[in-house]
Structure formats: C-alpha cells, structure tokens
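Asks: Provided herewith is a single structure, encoded as structure tokens, for subsequent inquiry.
What follows is calculated from the coordinates using simple rules that are stated; it is not laboratory data. All values derive from a computational prediction rather than experimental measurement. Here the Cβ is made from the backbone with ideal geometry for all residues, glycine too, and neighbour counts use every protein chain on show.
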Number of protein chains: 2
Amino acid sequence: MSLSAAVRLRPGPVDLTSVETDAAPGFEGRKADGEAALAAMGAELAELQERLFAEGQSGGRRSVLLVLQGMDTSGKGGTLRHTVGLVDPQGVRITSFKAPTEEERAHDFLWRIERALPLPGILGVFDRSHYEDVLIARVRSLAPPEEIERRYTAINELEQRLVDGGTTVVKCMLHISAAEQKERLLARLDDPTKYWKFNPGDIDERTQWPRYREAYEVALERTHTEAAPWHVVPADKKWFRNLAIGTLLLEALRGLDPQWPAPDFDIDEQRGRLLDEAPIA
Amino acid sequence: MSLSAAVRLRPGPVDLTSVETDAAPGFEGRKADGEAALAAMGAELAELQERLFAEGQSGGRRSVLLVLQGMDTSGKGGTLRHTVGLVDPQGVRITSFKAPTEEERAHDFLWRIERALPLPGILGVFDRSHYEDVLIARVRSLAPPEEIERRYTAINELEQRLVDGGTTVVKCMLHISAAEQKERLLARLDDPTKYWKFNPGDIDERTQWPRYREAYEVALERTHTEAAPWHVVPADKKWFRNLAIGTLLLEALRGLDPQWPAPDFDIDEQRGRLLDEAPIA
C-alpha cells in the first residue's frame, strides 16, 4: 500500500489506540532512506507549487490548505520547517492559531478561520485550526455540548464549500504517544534553546490525555468526509512525519496538475516591441 | 569596506546613474564565491531568526521588516526564494503589495501597510511597499503633487515609530539597468514557464524609465533616515543581490543579538513533575 493510502483514515468509528505512533506505514526503509526520499521530492514539490502560484496569479481559483493538528510536541513546527520549507515562501501562508482573542471569541468560531483561508494559488497552512474548537473546547468544556455538536456540522459545511470553491484540503493529525511526548518535554527541559517552547501547563494537559484522545476520535470520525478526508500520521519518528506530510502535499499538487499559464499576449509582437524600442537614457 | 557599508546609501542628493548596477561592491569574489558565502551564512541566519521568534513568543517586542523595492524583474521574488527562504517559514510574514484595491484606496495610503506590519518576533517582508505611493504614484500622477509631498514625511514618521517600537527596518532598492531589464523581459518571452510573469504593460512602463529613476532618487533622498536607512543593491548579478540582502538581514539580526529566553519556571521542579506523574492510559 502507498504511504498516503496507509495514513488515510478509514471511515467509521476511530480507535486511536490501534494506530501505532512509532510506525512508518507504507514506507520500506529507515531514517536515512526517509530523509533522502523527502529531499528527492523537493524539486517536484517546489515546481508544482510554483505552477499553482502562477495559475493563481493568472486568474485561477485553486489553492491548497494543509491543516496540522496534534498534541503539544507532536511536531507541527518541525513539519513547517522541514516540509513546507521546501517550497518558495512567497506562495505559502502559515497561520498559527492560539487561544482565541476577545475579538475572536465574540464572533462565531469560524470567523478567524475564514480570514486566514488561502487566496488562489496559495498553499495555506494551519498550525492548529478550527479543530481546536472541538478538541480543547470539548475537553475543557469551553462551550456547551450542544454548541460543540453544532460545530462538527459547521466544519463539514465549511470544508465542503472550500473544496467546491477549488481548495484542496489536506488534514493531518500528527499522532504521538504519551510516552513520546514525555520524552520530548523532558528534552526541552534539558536544552536552553528549547526552554521557550516549554509551558508548565503542558504537563497539566497530559492528565487529560485520554480525554483528548477521545475528543480526537470523535472529531476524526465526524469530520472525515470524502471532500476533506483525515490522515493520521504516526509522528513519533520525525523523519516519517515529514516524509508523510511531504508525500500528501506532493500528491495533492499532482492531483491538481497545475499547468504553466498560456500567454494572453502575442509573444512575437512583444519581443518585437522590446527589440525595436527607442533607446532609454 | 564591508559589503553592507558599500551598499548603504550616502546622505544627500542621490544620483542613481552613478551607481553601477552590475557591480559587487564590498565583495572580493565571483559568482561561485558569492553563492558559497550566502550558503555559509544560512545556519547563523536561521538560528538568529529562531532566537528572535522565541523572544517574540516570550514577551519580547522586537521584529525585523525587510522592504524590497525595485523595477519589474529586479528580483524581488528571487530574493524571497533564495534569501528569505533560508529561515524557518513559521517566523516569516511576506506581503506582496499590488495596485491598491478600492477599499485600500478609500483609506490613507499607509492603512494597508499598518495591517501588514510584523508582529513581535517576526521577520516581515514587503515585496513592494508604501514606497509605491511615492514612485508609480509620482510617475503616473496617481495623486496630486502636494499629496505626494505629504507622503515622504508620513513615511518617515511611520518608520521612526516602528523603530521606536522595536522593529529594525531594512530598506533595499534592487538596482538594475534598463538593458538588464530588457534581457530579463526577453528571457521571459523565451520561456513558457515564465510567460505568466510577463505583462505587456511592463514595456510601456519602460518608456518612463528616466522618470522612475528620478522618482526613486527623490524618494531615497527624502526617506534615507538614521532610523531607517536605504541600501542600493546592485542587482544585475542575481548572486550578488542575494548575498547582499542576506548580509543585511544577518547584520540586522546580529545587531539585535536575540537570546534564547530564560525559563520562567523551575526546571528541576518541572522535570520532577514529569518523572513522578501518574501513568497515562
């Protein structure tokens, strides 16, 4: 089975405990092979992204939205650096969603999402997303149950509308184990260049681990649609996480198959104008 | 003289005809050396940018704003790919300013600029900028002379306020010759992967080349301040352009000397909490 098929969520009830976090499904090889495979796709990824950008600059309406969700330390930032970093930053728009501001809370939960959607030709990336509003919001009871319930449908409707409008939505849950998170938190405490990433509240959040897992399971099941399917990416191995998301991006772009825009002018005529122009002082 | 000193504009009247566009001032070496020098600064650039980002996430207020101005084909996009692309995209916010929309025109010319300013810790990049409002606006009489006049002062006041607020402003004019632009436009006409970058109007704009030069000279002279000085970067050689802007960014970040934030928690206490926590199911 291909890597992308291997990480694609199956429809139906979701049991995250049955998905190994340190596996490398659909890939025959080890760390060095995975890193080489990612590097090898860099040029094609960059060219397809530039073609999509060119299309967007020439009247096209299509775009890509990569949604990254996962527990703290699951590697959303590392994915941005190692995978999204392979393409021209000019065509990328990254939005990191934090706890909502007072203004954002005064609006519907999708208000800030709408404002961050990618323009035509752009690869938009959400580092956390509207899914926080059915994850931490559910675990921490930040909204009443009926409001959480309403949101699954609202999310599906939004994503269907995006897809209908020409946006390819690639949703990835970076799946790590509680033990791996513990190792990563301890590593942050051992490294002065990583203290700033550590928040004592992250340890409190760990006590809710089973409730987060359940919230993810419900969210994945309820919002795994044909238009915008979920991928559960084993993320204990950083190299596999990067390779998997690179592969998903590459396949999304290949599926769009963007072409260099045809000229909307006469090439010879324009060449002649340049060659015949009056001297410029 | 160092490269950065060599490209820094001298105060006083500006004569762009006296600045060679195909030079490599302040650098002893050729193309391969320049590319190697840029690659060699990648790791330090990326680390300093990450430190600045960490500072911004930890309550710091400082940021960097790189302003790129230049005639069509001068290489603003290439600079983004080759130089800005060296750092983590998570900490970068690029804004490409096009002809203003109706909503933007209904506001003061700085309205859309304010909305695009970098947040703390961010490397903001303007691909074109508020300077269009004293460049094309002057050449094409898009605003009355007294309004253009007002704008130089308004720009200086804005930039002074930015600097006072902790933003390091790095202003670069990518300086190419009319002959080099002609070659680059012809090259676009010869390459189907570049048709989309070609606009017949770019040739019309060339007839105004001397007036653009004059508009740049006035703008550079009027807005070359101690707080936010200009750099005129010879840009006929793409490798020198990339190296020069990489050098200016690196020196700006070195000047800020951002430090990894100190922990605002007790490291041993947090380590103990993790090591002693109850098992997670």
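Asks: Tell me whether the protein assembly as shown comes out rounded, prolate or oblate; compute the Cα gyration tensor, take square roots of the eigenvalues as a ≥ b ≥ c, and use a/c under 1.5 as the rounded threshold.
Replies: Taking the square roots of the gyration eigenvalues as a ≥ b ≥ c, the protein assembly as shown is prolate.
Asks: Filter the trypsin sites (Lys or Arg not before Pro) in region B:67-102 down to the DSSP loop ones having no more than 12 other Cβ atoms within 10 Å, then list what survives.
Replies: Working: sites: B:76, B:81, B:93, B:98; in loops: B:98.
Answer by residue number: B:98.
Asks: Between chain B and chain A, with a rotation axis joining them, whose C-beta in B is nearest that axis, and what is the whole-Å distance?
Replies: Result for the B and A rotation: B:89, 3.
Asks: Which cross-chain or sequence-distant (5 or more) residues have an amide H under 5 Å from the amide H of residue A:168, H modelled 1.01 Å from N in plane?
Replies: Those qualifying (amide H under 5 Å, at least 5 residues apart or on another chain) are A:63, A:64, A:65.
Asks: Tell me the trypsin sites (Lys or Arg not before Pro) within region B:2-66 that lie in a loop according to DSSP and have at most 15 other beta-carbon atoms within 10 Å.
Replies: Here the trypsin sites (Lys or Arg not before Pro) that fit, given the DSSP loop and packing criteria, are B:30, B:61.
Asks: On to the next question. Can you tell which of B:172, B:216, B:255 lies farthest toward the positive end of the dipole of chain B, using +1 and -1 charges on the Cβ of basic and acidic side chains (Lys, Arg; Asp, Glu)?
Replies: B:216
Asks: Still on this model: Can you tell me the Rg and the Dmax, both Å, for the Cα atoms in region A:50-99?
Replies: In order Rg, Dmax, the Cα atoms of region A:50-99 give 13.1, 39 Å.
Asks: What does the copy distance list look like for residue B:4, label position 7 Å along Cα→Cβ, in nm and ordered from shortest?
Replies: 4.4
Asks: Right, here's the next one. Counting Lys and Arg as +1 and Asp and Glu as -1, what is the net charge of the other residues whose Cβ lies under 15 Å from the Cβ of residue B:138?
Replies: Result for the neighbourhood of residue B:138: -2.
Asks: How long are the three semi-axes of the equivalent ellipsoid for region A:54-158, computed from the Cα gyration tensor as the root of 5 times each eigenvalue, in whole Å, largest first?
Replies: 27, 17, 11
Asks: In percent, what relative contact order does chain A have, based on Cα pairs under 8 Å that are 6 or more apart in sequence?
Replies: 33
Asks: Another one. To one decimal in nm, how far is residue B:273 from the same spot in the other copies, if labels go 7 Å from Cα toward Cβ? Please give the shortest first.
Replies: 6.5
Asks: Where the only charges are on Cβ atoms (+1 Lys, Arg; -1 Asp, Glu), what is the dipole of region B:140-281 about its Cα centre, to the nearest 20 debye?
Replies: Charge dipole of region B:140-281: 900 debye, to the nearest 20.
Asks: So if I take the centroid of the Cα atoms in region A:1-74 and the same for region A:208-281, what is the distance between those two points in Å?
Replies: 10
Asks: How big is the dipole moment of chain B about its Cα centre under a simple scheme where the beta carbon of each Lys and Arg is +1, that of each Asp and Glu is -1, and everything else is neutral? Debye, nearest 20, please.
Replies: For chain B, the charge dipole is close to 780 debye.
Asks: To continue, here is another question. Excluding residue A:6 itself, what net charge comes from residues whose Cβ is under 15 Å from its Cβ, given Lys and Arg +1 and Asp and Glu -1? Intermediate values should be presented prior to the final figure.
Replies: Details: positive: A:8, A:10, A:237, A:241; negative: A:20, A:22, A:28, A:251.
Around residue A:6, the charge tally is 0.
Asks: Nm distances between the label at residue A:103 and the same-position labels in the remaining copies, 7 Å along Cα→Cβ, shortest first?
Replies: In ascending order, 1.2 nm.
Asks: How big, in percent, is the set of alpha carbon pairs in region A:1-79 lying more than 19 Å apart?
Replies: Numbers: 1820 of 3081 pairs.
Percentage above 19 Å: 59.
Asks: Specify the residue with the greatest mean-square fluctuation among A:35, A:102, A:180, computed from a Gaussian network of chain A linking alpha-carbon atoms under 10 Å apart.
Replies: In this elastic network of chain A, the residue with the biggest mean-square fluctuation among A:35, A:102, A:180 is A:102.
Asks: Under a no-solvent Debye model with one identical scatterer per Cα of region A:3-275, what's log10 I(q)/I(0) at q = 0.08, 0.09, 0.12 Å⁻¹?
Replies: -0.35, -0.44, -0.76
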